[in-house]
Every structure is written in structure tokens, then in C-alpha cells.
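A short write-up of the structure that comes next.
The values are calculated or read from the model by the stated rules, or taken from the named source; none is laboratory data. Just so it is clear, the structure is predicted and the values come from calculations on it, not from any experiment. Here the Cβ positions follow ideal geometry from the backbone for every residue, glycine too, while neighbour counts run over all protein chains shown. Ligands, DNA and RNA are stripped out before the accessible areas are found, and what is left, the full protein with its side chains, is counted by its heavy atoms. Shrake-Rupley method; radii C 1.70, N 1.55, O 1.52, S 1.80 Å.
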Protein chains: 2
Amino acid sequence: MSEFDLIARIRARAGTRGDVVLGIGDDAALLQVPAGRQLAVSMDTLNAGVHFPGDTPPAAIGWKALAVNLSDLAAMGAQPAWCTLSLSLPQADDGWIDAFLDGFLALAARHDVALVGGDTTRGALSIGVTVHGLVEPGHALRRDGAQVGDEVWVTGTLGDAAAALSALQAGAALDRGLRERLDRPIPRIEAGRALAGMASACIDVSDGLLADLGHVCSASGVGAEVELGQLPASRMLARFPAATRWPWQAAGGDDYELCFTAPPARHDAIVRALRECDTAATCIGRTREGTGVHAITPDGDPWTPPRRGYAHFAG
Amino acid sequence: MSEFDLIARIRARAGTRGDVVLGIGDDAALLQVPAGRQLAVSMDTLNAGVHFPGDTPPAAIGWKALAVNLSDLAAMGAQPAWCTLSLSLPQADDGWIDAFLDGFLALAARHDVALVGGDTTRGALSIGVTVHGLVEPGHALRRDGAQVGDEVWVTGTLGDAAAALSALQAGAALDRGLRERLDRPIPRIEAGRALAGMASACIDVSDGLLADLGHVCSASGVGAEVELGQLPASRMLARFPAATRWPWQAAGGDDYELCFTAPPARHDAIVRALRECDTAATCIGRTREGTGVHAITPDGDPWTPPRRGYAHFAG
């Protein structure tokens with residue numbers, strides 16, 4: 001299969017939308033941004049062995065490559081519209097490509113995202129995606145808007161993906177539901193849209209709650225306190241003792257939940273807005289004067305995770 | 001150097017523009033597309049050893065990674081505006097990064113392109129870039145607009161990059177000017193802008209003239225005839241005999257000139273428009289009924305190159 005056959009194979013399956021003037025097949029895609037909207041753009045690359053385990057099925061790789069990018073749009077409160085895909089492959093294997101596209105395009109269809117361009121190259125397995133979303137001016141959820149005294153929230157549950165990765169690395173038996181959270185994260189698009197113009201700051205939990213909330217705090221010039229006892233856990237994770245769970249929930253990455261801040265006066269409105277889009281959310285702490293994120297046990301003791309999030313190039 | 005230090009290093013040097021609402025440092029960039037413009041988006045990844053020789057200096061890698069992407073915008077007639085950068089590196093080396101940014105940002109500054117986001121990851125050396133440009137509705141230079149009887153044109157000169165690559169591969173002595181054409185291609189932005197709304201079809205010469213013109217022909221449903229004797233050569237390349245030169249000029253990639261078609265009635269207007277932006281252009285053939293691109297020697301004989309362009313995954 002040549003590069004052109006590969007592109008033809010992708011093109012035949014890529015969806016479209018009314019605002020795509022020209023999709024795959026020219027030097028660039030042509031897109032019509034509606035009046036009264038700003039463009040939100042994010043780009044993330046996944047490399048085999050770094051961002052997903054080597055045994056990840058191709059459909060899950062396709063899903064996750066788009067999911068982590070859509071999660072960035074969710075964290076901005078943007079409505080996804082278009083994406084481009086840059087695929088580096090050691091060899092062109094049509095079975096692999098078809099399975100990869102199954103996962104990638106299933107998630108794209110769920111959020112009406114059109115795949116409009118990109119390229120394919122020979123190289124180590126690597127998937128680069130750029131996503132484009134639309135957001136009302138002034139409504140985007142930035143990292144730098146948190147105020148002292150805001151409540152700190154998180155959607156869904158935390159720690160499943162880290163628990164799965166931990167079991168994989170230890171060669172331990174692995175709950176299928178946990179592995180699903182690692183392989184097929186659900187970007188919180190609807191929650192992000194509901195929070196746009198309502199939350200004061202937002203980020204998606206990709207590196208770990210404390211690390212990611214730390215980015216919000218440093219961008220906003222505030223500190224934060226997080227109550228470990230309030231961290232939401234799935235039923236799968238709740239079986240583990242707190243001392244085992246907390247590091248996964250507070251410092252494990254790859255959950256792709258939204259962590260956001262909002263004034264306490266908006267507490268009830270936030271609960272209502274997220275309930276309308278079927279998204280659970282939990283208030284887990286408060287912002288405060290100072291710097292840094294401080295985790296507190298139910299006994300009121302300070303707590304530090306064994307490791308803060310995942311840092312490329314660290315150590 | 002951690003991933004965050006690396007991003008901070010890039011952020012400190014990235015330029016901005018008035019239409020960048022939010023640049024590097026959040027989950028996504030926020031951009032303001034002006035009313036009455038369509039968005040042109042292209043994404044291309046360069047892998048070490050595939051898209052550039054292993055000994056390419058980091059500043060040239062940075063330049064080329066952006067240049068090949070801007071060349072796609074040039075081929076659409078779009079005005080570049082913003083880019084994102086996804087950098088996979090075996091290790092974070094600040095000297096390498098600084099030199100890479102020297103090249104990347106020098107070209108970005110030349111075309112007023114703001115670097116607004118992206119990511120850095122650990123992995124084999126690979127540079128993914130997505131570029132965004134703006135174009136007037138209906139004026140974009142597509143591949144599918146060529147009509148039978150159009151003239152076929154090319155900007156600048158052809159074959160220098162292929163000659164350089166050929167010398168490198170043979171371990172032969174290499175003219176510095178030729179190597180410069182391989183390492184630091186000049187995207188034909190001004191020419192693309194001048195041709196927008198005037199040429200009937202356009203593509204940039206990245207895989208080789210005959211292959212790329214072939215894409216225009218198949219998209220437009222026409223054939224084409226190219227006169228080898230008309231192919232423009234640099235003074236460096238003109239020293240080589242025709243039989244050596246033609247394969248580089250007709251089938252060598254990496255020139256990043258524009259190949260375009262236009263009705264003969266616009267011949268003089270095209271010459272004038274390109275002269276105004278200091279771009280040489282040569283009429284090298286005609287489109288005709290049928291399919292495929294036919295190269296003809298000055299004696300009127302059909303000619304086939306030893307190899308048609310560069311195809312990933314081929315063979």
C-alpha cells in the first residue's frame with residue numbers, strides 16, 4: 001500500500017460537515033468559521049510506548065489519539081468541529097489502519113467532528129492530531145481565571161486510568177472496566193460546553209489532578225486545598241484502600257476529567273447545568289491565598305503523593 | 001530540562017499577533033478569524049532520516065518543518081496566520097532546541113506567523129506542524145480547477161534540492177547553494193497570494209513536478225504535456241548535462257516551487273502579477289484532453305523519468 005492508497009483509504013471514510021468547504025485531498029483544507037465564534041486549536045501527539053502501552057489495540061489507539069485532543073477543547077468549553085491527523089507508521093498495514101480508523105472515526109462521529117486533512121509518513125508509530133473547536137467570545141474556559149475563595153470541582157471519577165496502568169506495569173490481573181478507562185477516555189465535551197461562561201477556570205486532568213490544578217493555580221495566582229476524602233472514585237476503584245487509591249486519584253494521569261473552579265454562589269447552578277448533560281461533578285476543595293496545591297487527608301493532615309503527575313524528560 | 005521547562009523556553013520566544021486571543025499555555029489557543037475569510041489548514045510531519053538527512057543542522061530542521069507547511073498554504077493562495085508545533089525528541093537538549101527555534105521562528109517572523117500551541121513529547125526525532133492561513137472565499141487555489149488548454153507554469157527553478165540529495169546520497173562534493181535549497185526551502189507565499197483568484201489550479205512541488213502536476217490533472221480530469229527544454233534551472237544546476245538534470249527537475253522532490261495552471265488569456269497578467277512580487281515564473285506546457293502527464297524532449301520525443309517522485313511506503 002502506497003502513501004496515496006493510504007490517504008485514499010482514510011479519505012473514503014472521513015466524515016464531513018456543512019462548514020467544510022474543502023476536505024482531504026488538496027494542499028490544505030478550507031473551513032468556514034461562523035461569525036461570532038472564536039477558533040480554539042489544540043495539537044497533541046501520542047507516541048507508542050510513551051502515551052499508550054505497546055499492546056494497545058489499534059482501535060483504542062485511534063480513539064485515544066482523538067480523545068486526548070477533544071479533551072483539550074472540552075477544557076476550553078469549545079464545541080469541536082474539525083480535526084487533522086498526522087500518522088507515522090513503521091509500515092502501512094491495511095488491517096491496522098482500518099481498526100485505527102474504527103476507533104478514531106467512532107469518536108469523531110459522536111461529536112460531529114470532520115477529519116479534513118493531515119499526512120501519513122514512514123517512521124516510529126506516532127499519531128499527531130490537531131483539533132479545532134468553536135467558542136463564543138469571552139466564554140472560553142481559561143486556566144487563569146480562578147479567584148481566591150472559588151470552589152474546586154472535578155467531573156466524573158478519578159484514578160481508574162492510573163490504576164489500570166499500575167496493574168499493567170506490575171503484570172497484575174486487570175479489571176476490564178479499568179483498562180477501558182485507560183484505553184478509551186471520554187472527553188467531557190458536553191460538560192465543558194455547559195461550564196463555558198460559568199466556571200472561572202478549567203483544565204483537563206491529563207498529568208494528574210494535583211499537577212493540573214497546579215497549572216490553574218499558577219496561571220491564576222492563587223493556591224488551592226484539596227480534600228482527599230472528597231475525591232470521587234468509581235465502584236471499581238472504591239474497592240482499594242485509601243492509601244492505595246489516593247496516589248492514583250490525586251497524582252495519576254490519563255483520566256481526562258475536567259477540573260474547574262467557580263465562585264460558591266454558582267454552586268447550585270453548576271450542579272443543575274452538569275446534571276442536564278448527565279455529568280457527575282464533585283466539589284473537592286477551595287482556592288485560597290498563596291501558591292501551590294495542598295492535599296489534606298480526612299484527619300486534616302497534609303499529604304504528598306509519591307510522585308506528582310507524569311513529566312516527559314523528567315529525571 | 002522537564003517538559004514544562006521546554007514549553008516555557010518555546011513560549012518565551014514565540015511571537016504573537018493581534019488576532020491571537022490566547023496563545024501558548026492553556027489547553028487550546030484562541031484565535032479570531034476575521035469576517036469574510038475562510039480558514040486554510042494544513043498539517044505535515046517531518047521525521048529524521050525520512051524527510052531530512054540525519055546531519056541536517058537543527059536550525060535548518062526548524063526552518064524546513066515550517067517551510068513545507070507554509071508551502072501548502074502558498075499552494076492554496078492563503079495568507080499564513082498561526083501555527084502549532086508538536087516536537088518529539090529523544091532527549092531535551094537546550095542547545096538543540098534554541099537552534100531549532102532560531103530556524104523555525106526566523107521563517108515564522110518573515111511571514112508574521114504566530115506560534116500559538118502544540119506539545120513536546122519524548123520519542124524519535126519528529127516535528128509535526130499545523131499551519132493556519134486565511135483566504136478570500138472563492139479565491140483559494142484548488143487542485144481541481146484546471147481546464148483543457150490551460151497553460152502550465154512553475155515558479156522559480158526546479159531540481160536543486162534533488163541534486164543536493166543525490167550528491168549527499170552518493171557522498172559526492174556538494175555545492176553549498178544546492179544544499180541550501182534542500183535545507184531551507186522558500187515557501188512561495190507572495191506568489192500564491194498573487195495567483196489567488198487568477199490561476200485555475202495550483203500545487204506545491206514537494207514530491208516532484210510530474211507527480212505533483214499529476215495530482216492536479218487527476219483532480220481536474222485533464223491530461224498535461226510538459227516540455228523538458230522549458231524547465232527552469234538555477235545557474236548551479238544548468239552546469240549539469242540535460243540527461244542528468246531532467247530527472248532532478250521533473251521527478252525530484254523538495255523544491256517547494258508552485259506549479260499552477262491558468263488560461264492562456266491570463267498569460268500577461270500572470271507575468272505582471274508575479275513580477276510585482278519578485279517571483280520568476282516559466283510556462284512549461286499545456287493541459288490537454290485525456291489523463292496523465294507527458295514529458296517531451298526538445299526533439300519531440302516522449303520521456304519517462306527513472307523514478308516518479310517520492311512515495312512513502314512504496315516498494
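What to note about this one:
- Pairing chains A and B buries close to 5000 square angstrom of accessible surface in total, based on protein heavy atoms and a 1.4 angstrom probe.
- Distance (nanometres) between label positions extended 7 Å along Cα→Cβ at B:E180 and A:Q91: 4.3 nm
- Bridges between two residues of the protein assembly as shown, per DSSP, are antiparallel at a rate of about 75%.
- Note on B:106-118: average number of Cβ atoms from other chains within 10 Å of each residue's Cβ is 1.
- Radius, Kirkwood style, for the range B:186-251 when every pair of distinct Cα atoms is counted (Å): 13.5 Å
- Relative packing of B:151-159, B:87-95, which averages over residues the other C-beta atoms within 10 Å, highest first: B:151-159, B:87-95
- Remark: mean inter-chain Cβ contacts per residue of B:31-39 equal 5, using a 10 Å Cβ-Cβ cutoff to other protein chain atoms.
- Average other protein chain Cβ within 10 Å of Cβ, residues B:3-10: 2
- Charge tally around B:A233: other residues with Cβ under 14 Å, Lys/Arg +1 each, Asp/Glu -1 each, net -1.
- Taking packing as the residue-averaged number of other Cβ atoms within 10 angstrom, the listed peptides A:60-68, A:278-286 run from highest to lowest as A:60-68, A:278-286.
- Chain A - share of DSSP beta bridges that are antiparallel (%, nearest 5): 75 percent
- For chain B, radius of gyration divided by Kirkwood radius, i.e. Rg to Rh on alpha-carbons: 0.98
- Label point 7 Å beyond Cα along the C-beta direction, distances from B:E180 to other copies (nm, shortest first): 6.1
- Net lengthening on full extension, A:A242/A:D5 (0.36 nm per residue, minus Cα-Cα): 80.1 nm
- Rg/Rh (Cα only; Kirkwood hydrodynamic radius) as it applies to the range A:31-168: 1.01
- A DSSP coil position with no more than 12 other Cβ atoms inside 10 Å describes the following trypsin sites (Lys or Arg not before Pro) in the range B:203-277: B:R239.
- 37 °C / 0.692 mPa s Stokes-Einstein diffusion coefficient of the range A:38-85, Kirkwood radius on C-alpha pairs, µm²/s: 281 µm²/s
- Within the range B:43-185, DSSP assigns beta bridges of which about 60% are antiparallel (rounded to the nearest 5).
- For the range B:98-199, the gyration tensor built on C-alpha atoms gives an oblate shape. Its axis ratio a/c (a ≥ b ≥ c) is at least 1.5, and a/b is not larger than b/c.
- Normalised by the number of residues in the range B:155-298, the mean separation of alpha-carbon contacts (under 8 Å, six or more apart) gives a relative contact order of 42 percent.
- Residue-normalised accessible area of the range A:96-163, given per residue in Å² at a 1.4 Å probe: 26 Å²
- Our helix-only sum for chain B, with -39,500 (n - 2.57) per DSSP H run of n ≥ 4 divided by its residues, gives a mean residue ellipticity at 222 nm of -10000 deg cm²/dmol.
- Calculated FRET value between B:A173 and B:H294, using beta carbons and R₀ = 35 Å, to 0.05: 0.50
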